[in-house]
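Take a look at the structure set out below.
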Amino acid sequence: MVGMILDFLPFGELSDGVSTLVLFVNSCILKGLPVMWFKWIGANSGQRIRKKIDVQAKRFMAIAKDERTAITITNAPTTESLSFVTTDYHPKDPSLGSRKVRIADKIWLEAIDAQELTIGEEFVLMRWGVMKVTAINGDASNRTIEAEFIPEGDFKAAKKKISWIADCKDNTPCILTEFDNLIAKEKLEEDDILTECLTPITKAESFAEGDAGLKTLEQGVVIQLERRGYYCVDQPYKDSNSPLILYMIPDGKSKAMSGLAGKIAHR
């Protein structure tokens, strides 16, 4: 994994803030990665990470399994029809190729996105099109939604652009892994007691379902899960008992790309 990510970025002067340095070094300690990883940390800021990785990171989508809401698209193809739309891997660089995105009348949204939808509202399902909410049933903890596909819908007028996946057997089971600082303080003072400065929880995992195309990724490949962030493949998908394992790459921003902030504070 280390060698693959190093290909993205040149070494340079130490320009990271202490928090970014500590975060990555801590992650390396947890994983047992070599010292060269530490050097990469010190040589590259969050901004450089974004610029270098973004241009080559293919886009995919994944939805958290424990925080999702079902939605029915009443005029969409059935799951059994095996329907797809084709989209570029990267919205700004068609040369990276294209992929097929499964569409169906039964899909999943992140629960936080579903909670914000209202009847009559038009929104965009990313890489598919504009939808209009026609019914909302149940409460916040057990909500189901109905919507219809608007073929000539106005993408610009729809304020919400939402990630999603079809409810189908081809989805890729994923484990999304985040790391936090081992040391809670940005700067240790001489009289600090190390054991009192440690972060209580430094690793968090989320179980998700992602695009079928995620099954093709090899170890070390860097991607973007849309509206979540950048990830590196730690373990490729093998089968249902050996899911895809992705490690989140901190991008130097204090906020996540969207409301999908993860279990650990964004870095």
Pairwise label distance in nanometres, D192 with K238, each label 7 Å out on the Cα-Cβ vector | 3.9
So what J values fall out for the range 130-143 if you push phi through Karplus, 6.51 cos²θ - 1.76 cosθ + 1.60 with θ = phi - 60°, rounded to Hz, Gly and Pro as x?
-> 8, 10, 10, 6, 10, 7, 10, 10, x, 9, 4, 8, 8, 9
Computed label-point distance, nm, for sites K156 and K106 using a 7 Å Cα→Cβ extension | 3.8
Send over a whole-number figure in Å² for the accessible area per residue of the range 173-215, probe 1.4 Å.
-> 58
What net charge do the residues around R68 carry, taking every other residue with its C-beta under 9 Å from that of R68, with Lys and Arg at +1 and Asp and Glu at -1?
-> -3
Within a Cβ distance under 14 Å of F155, other residues only, what is the Lys/Arg minus Asp/Glu net charge?
-> +3
For the range 127-162, which GluC sites (Glu not before Pro) are both in a DSSP coil and crowded by at most 13 other Cβ atoms within 10 Å?
-> E152
Note, the range 157-168: 3J(HN,Hα) by Karplus (6.51, -1.76, 1.60, θ = phi - 60°), whole Hz, Gly/Pro = x, goes 6, 6, 6, 9, 10, 10, 7, 6, 8, 5, 7, 8
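Run through every distinct alpha carbon pair of the range 151-198 and return the Kirkwood hydrodynamic radius in angstroms, one decimal place. Walk me through the intermediate numbers first.
Values: mean 1/r = 0.0601 Å⁻¹.
One over the average 1/r among Cα pairs gives 16.6 Å for the range 151-198.
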Using a 10 Å cut-off on Cβ atoms, rank the peptides 186-195, 220-229, 161-170 from the highest mean neighbour count down.
-> 220-229, 161-170, 186-195
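The values are calculated or read from the model by the stated rules, or taken from the named source; none is laboratory data. This structure is a prediction, so every number in the text was calculated from the model and none was measured. Cβ coordinates were reconstructed from backbone atoms using ideal geometry, including for glycine residues, and neighbour counts include every protein chain displayed. Surface areas here come from the heavy atoms of the whole protein model, side chains and all, with no ligands, DNA or RNA. Shrake-Rupley method; radii C 1.70, N 1.55, O 1.52, S 1.80 Å.
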